[in-house]
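This report refers to the structure that appears directly beneath it.
The values are calculated or read from the model by the stated rules, or taken from the named source; none is laboratory data. In this text the structure is predicted, and so the values were computed from the model without any measurement. So basically every Cβ, Gly included, is an ideal-geometry build from the backbone, and we count neighbours across all protein chains shown. Quick note on the areas: whole protein, heavy atoms, side chains included, nothing else; ligands and nucleic acids left out. Shrake-Rupley method; radii C 1.70, N 1.55, O 1.52, S 1.80 Å.
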Amino acid sequence: MIPVRLTVENFKCYRQNVPPLHLGGIHIACLTGANGHGKSSLLDAIAWALWGDAVHRPQEELVHVGEQDMRVELEFIAEGRAYGEGQGQLYRVIRRYARGRGARAGSTDLQLQIATGGPSRTTAALLEVEDERGTAWREAGGSTVRETEAAIRRLVRMNYDTFVNSAFLVQGRANEFTTKRPADRQRVLGEILGLSFYERLMERARRKAREITAESRLMEGRIQAWSQQLENRAEHEAQLPETQSKLAASSEALKQTEELANALRGQAESLRARRKELQDLSSRVASNHEELRQLRELTSLHSKRISEWERLSERREVIQEAHRRLTEARLREQDAGRRQVPFARLQERMKPLEQRAGTLAALETDIATAEREHSALEEREAALESQRLELQNLEVKQQTLTTDNRRLRSEMDALRGKMDMLSEGEAKCPLCGTELGEDGKAHIQAEYQEQGQELAQQYRQNDVELAQTSPRLKEISANVAGESESLQMAKRTLLGRLAALKQQMDEAQRAPQQLEQIRRELADLGYDPEAHQRLREEIEKLLSAENEYRLLEQAESALPQERDNLNRVLASATRREEEIAQGEQQIEAIGKEIASLDELERRYAAAETERRSRQEEYQSLMGQVRHLELMLKQYAETDLKRMEAAGKLKEMSEQRELYEQLVTAFGRTGVQALLVESALPELEAEANRLLGRMTDNAMHLKLETQRIPQRGDPVETLEIKVADALGTRSYETFSGGEAFRINLALRIALSKLLAQRSGAPMPTLFIDEGFGTQDTTGRERILDVIQSIADDFERILVITHMDEMKESFPVRIEVEKRDEGSTFAIT
């Protein structure tokens with residue numbers, strides 16, 4: 001998480017209309033101002049926006065006195081393990097809190113939004129909110145405060161306790177990690193290493209074991225229920241034969257009733273069919289009258305068509321000759337067309353081959369030139385390596401001289417203090433404690449002066465060498481950087497060009513042989529474009545013959561049929577006249593037959609009513625039989641399921657034992673302990689590197705993960721042992737400035753470890769701790785440590801009220817408390 005923009009309203013000492021704090025582009029900055037003016041409150045606002053009441057302080061106490069609500073808005077970059085400004089994804093958290101009224105508790109509103117760019121006009125933009133700067137935001141949190149807080153924790157990948165034990169050095173709590181019990185230290189380190197993943201695996205295994213246990217109990221209940229269901233099996237097996245006998249008797253009675261109903265229905269249907277026949281016959285007579293009219297019209301049409309086709313048949317020979325010539329021309333054109341495409345493709349392939357064959361000599365020259373350029377680049381690379389070696393030696397020399405001068409300055413300050421003590425009143429011997437006379441004081445002052453002159457001379461000599469080394473160091477550093485980039489770019493370009501030239505050379509050498517092969521294929525193809533064009537022109541002239549030939553074929557094939565059609569139409573007209581006369585006679589006869597249909601319909605309706613009654617009785621008995629058969633089938637299936645469930649219950653018991661073993665393997669004494677052990681060397685080495693810089697290598701710490709009690713097995717712990725001039729002892733025995741340096745080294749090492757581990761990325765370091773316990777040299781060394789870790793963090797914010805320290809920071813955020821509330825300005 002990298003903070004970019006912070007806005008506060010009524011939060012602690014800040015009131016309304018406080019301008020936003022823009023942190024974009026800031027690498028290292030300090031927050032300065034008098035005590036109580038609100039420096040720490042800005043970092044508290046960031047923590048409250050992300051974790052809310054998890055900061056272990058009642059929210060009521062955070063609201064500005066006299067106000068009813070407060071609001072903090074934080075924009076930050078997240079997503080990604082090691083990202084810089086401009087990378088990752090921009091998010092915004094808006095947290096509000098309103099005091100409760102009367103007995104009602106206070107209320108919290110929390111929003112998590114993701115930046116989607118500038119103003120949008122798409123349909124998706126209906127779900128976006130645009131702020132005053134034109135940035136569009138879309139909701140990314142949950143439907144409740146709890147769900148949104150969980151989403152924020154997933155983004156920053158840590159809770160508040162891990163934050164204050166690593167990346168946030170809270171005022172008065174810099175020793176938060178070191179003063180914890182050893183077991184708690186190990187837990188915090190585990191969270192930084194992302195061991196919560198194994199905790200989740202352990203919980204999943206434990207939950208799975210519980211689920212299997214619950215499922216086993218449910219399975220046992222099912223087996224018991226199935227056993228109860230089988231209690232009525234014998235009774236139902238006895239009822240089935242009796243019900244089947246009743247069903248047989250009902251089936252016979254139904255059969256007799258259906259035979260009577262079917263006979264009556266057959267007679268009624270026969271008469272209804274005759275009535276339908278009468279209706280159809282009347283329609284058919286009317287239709288025959290219409291068909292007779294249409295047949296007479298067809299007779300006229302067929303006669304006209306026969307006359308036209310007979311005239312076309314008279315020109316048969318002329319039409320056939322023209323069509324024959326058209327067919328032959330088309331066959332020749334199809335053959336030429338099949339060869340046209342291969343001919344064009346071969347012609348197209350010849351063009352690039354001819355060009356390649358002509359570039360062979362030029363390519364040989366270009367390749368030779370490129371190889372000479374490659375040799376020259378190798379010579380430049382050898383010269384560059386020599387400059388790198390010289391640059392490394394100069395850097396080592398500069399660092400050595402700088403360290404030596406710091407030591408000389410410290411020793412000169414100590415001598416000056418001793419001389420000041422001699423000059424003030426009577427002085428005593430530093431060895432025996434006796435009073436020194438004027439001669440003794442003069443003698444010691446002379447010795448101190450001589451030592452000071454020697455130290456000053458060595459200091460000035462080092463300054464001269466530093467002044468001589470610095471220009472050469474800058475010159476070589478600039479040359480190496482520029483030459484390295486230029487050389488790498490030139491090599492990539494040259495190697496790419498040389499590979500392309502060699503590929504072109506290979507293609508040019510193969511081109512003559514490929515050209516000869518294409519010429520032979522063209523000769524074998526035998527295609528003539530001019531002859532092909534003449535065939536197309538001939539076909540165009542003969543196209544009119546095709547239509548006449550088609551009409552002629554149609555006439556000769558259809559003329560006999562057309563004459564037959566005419567004869568059939570004449571015969572059909574005669575038949576329709578006869579059918580009309582017969583139909584009228586049948587209509588009169590059928591009308592007499594259907595006179596008794598109504599009485600027969602009434603008898604059939606009575607028989608059908610009795611059949612339905614018998615049918616209902618039969619269906620009821622059939623349902624009882626099917627129900628009993630189904631019950632017996634279900635009994636068999638239930639018995640089978642009961643046996644299968646017993647086998648499944650045994651398998652589930654074995655699975656539960658396996659998951660219980662996984663709970664132990666994923667626990668803190670299993671794989672988690674191994675991972676903590678592997679990370680300690682990295683944490684210990686970084687802490688010692690920082691502690692050495694702050695104490696001039698006078699202190700060294702060691703982290704121990706096991707403690708062996710007087711009785712029993714080793715205990716998992718995280719002990720801190722510190723070695724100094726007095727020996728090795730526990731951290732708890734240190735106090736004051738020494739304890740502060742140990743705490744600072746460990747906390748910064750934890751922060752770096754946190755930033756480097758994919759499980760909890762934190763590229764921002766917050767230091768809110770006074771440096772009053774440190775002398776001038778100690779503060780300088782702490783500042784030196786902060787500068788040395790600058791490249792490991794994207795953003796470092798330090799709170800201090802000491803003027804001599806704030807001048808050492810490139811960016812300062814000046815905090816001032818006024819009557820209308822605290823405010824700040826960036827300088």
- Starting from residues that are touching a helix residue (DSSP H, G or I) at 6+ places or on another chain (Cβ under 9 Å) and under 19 Å from GLN399 (Cα atoms), keep the ones in region 472-489 and report whichever is least open to solvent (accessible area, probe 1.4 Å). ILE476
- Considering residues that are open to solvent by 60 Å² or more (accessible area, probe 1.4 Å), in contact (Cβ under 8 Å) with a residue 60 or more places away in the chain and not hydroxyl-bearing (Ser, Thr, Tyr), the number found within region 592-629 is 7
- Item | Candidates ARG536, ARG568, ARG550, ARG492, filtered to the one that is of a type in the set (D, E, K, R), touching a residue at least 60 places away in the same chain (Cβ under 8 Å), surrounded by fewer than 16 Cβ atoms within 10 Å (Cβ to Cβ) and in a helix (DSSP H, G or I) | ARG536
- Cβ pairs under 9 Å, 6+ apart, first in region 449-466 and at negative phi, second open to solvent by 50 Å² or more (accessible area, probe 1.4 Å) and hydrophobic (A, V, I, L, M, F, W, C): GLN449/MET419; GLY452/MET419
- Restricting attention to region 445-458, does a residue exist that is within 20 Å of GLU780 (Cβ to Cβ), of a type in the set (A, V, I, L, M) and either in contact with a Lys or Arg (Cβ under 9 Å, 6 or more places away or on another chain) or at pLDDT below 85 (or both)? yes
- Message: Scan region 373-390 and tell me whether some residue there is within 30 Å of GLN517 (Cβ to Cβ) and open to solvent by 50 Å² or more (accessible area, probe 1.4 Å).
- Response: no
- Is it the case that region 339-349 has a residue that's closer than 30 Å to ALA499 by Cβ, modelled with pLDDT under 85 and touching a helix residue (DSSP H, G or I) at 6+ places or on another chain (Cβ under 7 Å)? yes
- With the first residue restricted to region 327-347 and required to be farther than 14 Å from LEU542 by Cα, and the second required to be aromatic (Phe, Trp, Tyr) and open to solvent by less than 80 Å² (accessible area, probe 1.4 Å), Cβ contacts under 6 Å at 6 or more apart or on different chains are ARG339/TYR527; PHE343/TYR527
- In region 62-98, which residue that is among the basic types (Lys, Arg) and modelled with pLDDT of 90 or more is surrounded by the fewest Cβ atoms within 10 Å (Cβ to Cβ)? ARG96
- Sole residue being acidic (Asp, Glu), modelled with pLDDT of 85 or more and under 23 Å from LEU271 (Cα atoms), chosen from GLU588, GLU616, GLU608, GLU599: GLU608
- Message: Pull out all pairs, ordered by first then second residue, where Cβ-Cβ is under 6 Å, the residues are six or more apart or on different chains, the first lies in region 630-644 and is surrounded by 11 or more Cβ atoms within 10 Å (Cβ to Cβ), and the second is small (Gly, Ala, Ser) and in a helix (DSSP H, G or I).
- Response: none
- Query: Among LEU264, LEU271, which is hydrophobic (A, V, I, L, M, F, W, C), touching a Lys or Arg at 6+ places or on another chain (Cβ under 8 Å) and assigned to a helix (DSSP H, G or I)?
  - Reply: LEU264
- Scan region 456-471 for residues that are within 10 Å of ASN405 (Cβ to Cβ) and open to solvent by less than 40 Å² (accessible area, probe 1.4 Å) and jot them down. ASN462, LEU466
- Message: Cβ contacts < 7 Å: first residue in contact (Cβ under 8 Å) with a residue 40 or more places away in the chain, restricted to region 225-254; second residue open to solvent by less than 70 Å² (accessible area, probe 1.4 Å) and among the hydroxyl-bearing types (Ser, Thr, Tyr), any location; separation 6+ or different chain. Result?
- Response: TRP226/THR638; GLN229/THR638; LEU230/TYR635; LEU230/THR638; ARG233/TYR635; SER250/TYR618; SER251/TYR618; LEU254/TYR618
- Please work out which residue is nearest to VAL4 (Cα to Cα), limiting yourself to region 38-61 and to residues that are touching a helix residue (DSSP H, G or I) at 6+ places or on another chain (Cβ under 8 Å) and open to solvent by 20 Å² or more (accessible area, probe 1.4 Å). ASP44
- Return the total of residues in region 798-827 being charged (D, E, K, R) and exposed (fewer than 15 other Cβ atoms within 10 Å of the Cβ). 7
- Message: Can you find a residue that is loosely packed, with under 15 Cβ neighbours inside 10 Å and more than 30 Å from LEU600 (Cβ to Cβ) anywhere in region 247-262?
- Response: yes
- Item | Number of positions in region 56-80 that are of a type in the set (Val, Ile, Thr) and within 21 Å of TYR91 (Cα to Cα) | 2
- Does region 276-293 include one or more residues that are more than 30 Å from GLN586 (Cα to Cα), more than 60 Å from the chain's Cα centre (by Cα) and surrounded by fewer than 13 Cβ atoms within 10 Å (Cβ to Cβ)? no
- The residue from ARG757, ARG781, ARG795, ARG729 that alone is among the basic types (Lys, Arg), open to solvent by 50 Å² or more (accessible area, probe 1.4 Å) and modelled with pLDDT of 75 or more is ARG729
- Message: Quick check on my filter: what residues within region 434-444 are open to solvent by 60 Å² or more (accessible area, probe 1.4 Å) and either among the aromatic types (Phe, Trp, Tyr) or assigned to a helix (DSSP H, G or I) (or both)?
- Response: GLU438, ASP439, HIS443
